[in-house]
Amino acid sequence: MATEYGGYMGKVLRINLTTREVDEYPFSDRERELFIGGKTMAAKILSDHFKGTEQPFSDENMMVITTGPMTGSGAPSSSRFNISTLSPLTGYVTSSNCGGNFGYYLKKAGLDALIVQGHCEKPTWLEINSGKVIFHEADDFWGMKTGATQEALDEKMKLPNGRVRKNGKICIGPAGENQVLYASVVSNERVAGRGGVGAVMGWMRLKAICASGNKEISVKEKEKMVAHTQKWFKYLRKHPLTGEQLPKLGTAGLVSSMQMKGLLSTKNYSEGHFDDFELISGERLAEQYNIVNKGCLTCPIRCSRTVEVEGKAVKGPELETLVLLGSGICNNNLEAVLRWNYELDELGMDTISCANTISYAMEANEKGLWDNGLHFSEIDDLSAVMEKIAHKEGIGAELALGSKRLSEKYGGTEFAIHAKGMELAAYEPRKAVGLGLGYAVSNRGGCHLNGGYAVILEGLGLSVNPTTYHGKADMTMLMQNLMEMISASGQCLFTSYAFFPAPLMSHPNSWYTKLVNAVLPYCGGAVRILNKFPEIAAIHLPVFHHTKGFEYVTGMKMPFGRYMRCGERGYNLERELNRRFGVDATKDALPKRLTDVVQDPKDPNSKVPLEKLKQVYYHARGWDDNGLPTKKLLQKLNIEAK
Amino acid sequence: MVNVQLYGVARLQAGVSSFTSEAKTLKELRGMLPNITKKEAEDLVVLVNGSGVKKSYKFKDGDTVVFLSPAGGG
Ligand code: SF4
């Protein structure tokens, strides 16, 4: 539906793969005001359809691919798009976010979002050119890895003059085709990795989507936005996290800090330190392997690395891959991690879930629960194992199920490191208990970012007491709402780190930083007031450029308080949606290793006091004792309950 | 003699990952990091044998001193 707001293309297209029908899906300006875009827009669309009886691999499921109003607006790090669907890994709604250029080209094609339903008789790829949808057979591409698929698509997009029409694409690899439960969707070198969105696409027999066009992405107040963007870029470049650590070392730069703070998941999260951490560190990656830094469109942070694998320049590993395929399986061979990272992207498989499933299997073998031939620190055959997972051959067919299902079959649920069926990220939460809460309550399962990333306060960035439960629930809620809205608007979550004033980060030994670290846990009450009544912050914060930028692009009034309220709405909407599929307090759980066993025998607090944290968190959110949003809260947030 | 280790962006700036030093105090050592000014060194996180110490800390022989630049998101 046409829109009066800038930043939106005013069109959502629904494609039924079974009938090949294509129609416009109504999405009004009122809905844009409430549900913005990205994952929240997708949750709204799914919420209007899902009753809670749908199955992930069925025609009742749908894949909603959304951009946000900031996508392609020229704002920093604004190339993001999102894929939401009913996850085959968790059985709940998942959202998977990705950079690259597909989101930008989807908008250039004239669309804010795509809804894909049904399934194809034969492998198919979709071409979307200026809003027109063309179905193509993909028999030739089926079986191809993601790199070859994208090259083949570019061949198809060649113009009569031999040049490739500018386009953005997403595709799956063999893992998606074979419905590995944690298969990813790949776009250029970037990956929508989590929750098995690639498996759903594979079930649909949809190999790829290629978007192109030359529609203009409108910006309401262009001149103001240009000036604001310049300031914003400058601010991000000066900030110690977005201007120093991430550009110079990438996310990999955290390995050393995590080691020092006991946060480095080691040997399937049984420890928080790895003796050989230097060998898998971001510093070593930068000094010996990095060829060049890369970034998504319009990103000043440029956190992506390019490394050489067997003579080929390929994307380097993110922190998660480095840790979980490094210390996580007691491996100190960095070159092997670089190779696996490339191979997993080529196969179209989430590196986090794959690594944690392998480390679960290694421990199950070590404990005599499952004789599977996998051993910690023995890595020679792992490339072959990954290939087998993607093709569901031999032991790969079992590993393709993820750690939760395997632990239910073979035992060892206490060391199957997942939440709601999705494997945890690289941070060991017993030395960052706020993050532990975030993992447990996160809507999509064990995710540090959807969980609110409290670890940035608990040892990385700031140094708030990492094992106290004080203040953590309220801060987690604040961060979750903030990140939810950044994501919905189409920007990268890494821009949120600049929310923390630069002096606090760059002067960790100053009296004021020490004061903030000491008092923050006792500011839960103040944070709660802001969480409950965000509208009191009817201003734009000087450290947070997102709100003004949003206003200049869309023309919608968006002071900080309203921004936070939109984030809260998004978080609750996904929770309400997942309630229909059975989420409640009992599903906000962590494996016993993390809640019942201390990481450090000398520190009785080095475990996640989850039940205590959950109680405070539910109360802060205004949820009932069963961890569900009340009718009153949903009404207040304009969310329809079913 | 103390063992000094550098991590994060500070290590890239210093151009070395570790060295030994005869410095007697933390204050003195802060002025001895290669390619890093004393002022810049004041903004690095310091751990001695894995724990935080006071500014006025006096080294014991064999201490391991870690300098770490602020880190954040991933
Ligand atoms: S910070 Fe990294 S992931 Fe985010 S937009 Fe920039 S390059 Fe992409």
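Each reported figure results from applying straightforward, stated rules to the coordinates on display, with no laboratory input. Values in this document were obtained by computation on a predicted structure and should not be read as measured data. Cβ: placed from backbone, ideal geometry, glycine included. Neighbour counts: every protein chain shown.
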**Request:** Let me know the mean shielding of A:242-251 by other chains, meaning the per-residue number of their Cβ atoms within 10 Å of its Cβ.
**Result:** 4
**Request:** Post the alpha-carbon centroid distance, region A:511-560 to region A:569-612, in whole angstrom.
**Result:** 26
**Asked** Based on the Kirkwood radius over alpha-carbon pairs, what is the Stokes-Einstein translational diffusion coefficient of region A:432-636 at 4 °C with 1.567 mPa s viscosity, in µm²/s?
**Response** 74
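Kindly flag which residue pairs out of A:Lys122/A:Lys215; A:Lys431/A:Lys614; A:Lys108/A:Lys222 have an alpha-carbon separation exceeding 21 Å in this structure. All intermediate terms of the calculation are to be shown ahead of the outcome.
On the way: A:Lys122/A:Lys215 31 Å; A:Lys431/A:Lys614 17 Å; A:Lys108/A:Lys222 18 Å.
Distance filter (> 21 Å) returns A:Lys122/A:Lys215.
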**Message:** Let me confirm one metric for peptide A:556-563, namely the mean number of other chain beta-carbon atoms within 10 Å of its residues' beta-carbons.
**Reply:** 0
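Mind checking the dipole of chain A: about its Cα centre, +1 per Lys or Arg Cβ, -1 per Asp or Glu Cβ, Debye to the nearest 20?
2340
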**Asked** What nm distance separates the two modelled labels at A:Lys557 and A:Glu60, each placed 7 Å from Cα along Cα→Cβ?
**Response** 4.2
**Fill in**
For region B:2-68, the count of lysine pairs 8 or more apart or interchain whose alpha-carbon atoms are under 18 Å apart comes to 16
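Greater than 30 Å separation of Cα atoms is the criterion. Which listed pairs, A:Lys107/A:Lys404; A:Lys166/A:Lys220; A:Lys44/A:Lys607; A:Lys388/A:Lys642, meet it?
A:Lys107/A:Lys404; A:Lys44/A:Lys607; A:Lys388/A:Lys642
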**Fill in**
At R0 = 30 Å the Cβ-Cβ FRET efficiency linking A:Ser377 and A:Ala148, nearest 0.05, sits at 0.40
**Prompt:** Based on DSSP H runs of at least 4 residues, each adding -39500 (n - 2.57), what is the mean residue ellipticity at 222 nm of chain A after dividing by all its residues, to the nearest 500 deg cm²/dmol?
**Reply:** -10500 deg cm²/dmol
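Expected output is a single nm value to one decimal: the length gained when fully extending between A:Glu223 and A:Arg237, i.e. 0.36 nm times separation in residues minus the C-alpha distance. What is it?
Here the segment from A:Glu223 to A:Arg237 would lengthen by 2.9 nm.
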**Request:** Between A:Asn214 and A:Ile291, with labels modelled 7 Å along Cα→Cβ, what's the label distance in nm to one decimal, could you check?
**Result:** 3.3
**Fill in**
Taking R0 as 60 Å and r as the Cβ-Cβ distance between A:Glu310 and A:Phe135, the FRET efficiency 1/(1 + (r/R0)^6), rounded to the nearest 0.05, comes to 0.95
**Request:** At 7 Å along the Cα-to-beta-carbon direction for both A:Asp48 and A:Lys532, put a label point, then send me their distance in nm to one decimal.
**Result:** 3.4
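To the nearest 0.05, what FRET efficiency results for A:Asp275 and A:Ala2 with a Förster distance of 45 Å applied to their C-beta separation?
E between A:Asp275 and A:Ala2, to the nearest 0.05, is 0.15.
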**Request:** List, largest first, the extents of the alpha carbons of chain B along their principal axes, each in whole Å.
**Result:** 35, 23, 20
**Asked** Regarding the protein assembly as shown, what is the average projected area of its C-alpha convex hull, in nm²?
**Response** 28.9
**Prompt:** Taking the alpha-carbon centroid of each part, what is the distance from region A:68-103 to region B:17-66 in angstrom?
**Reply:** 44
**Asked** log₁₀ I(q)/I(0) of region A:250-412 at q = 0.10, 0.14 Å⁻¹, via Debye over equal Cα point scatterers, no solvent, to two decimals?
**Response** -0.36, -0.70
**Request:** Could you work out the relative contact order of chain A, using alpha carbon pairs under 8 angstrom and six or more residues apart, expressed as a whole percent?
**Result:** 15
**Request:** Could you work out, residue by residue across A:453-464, how many beta carbons of other chains sit within 10 Å of that residue's beta carbon, and then give the average as an integer?
**Result:** 2
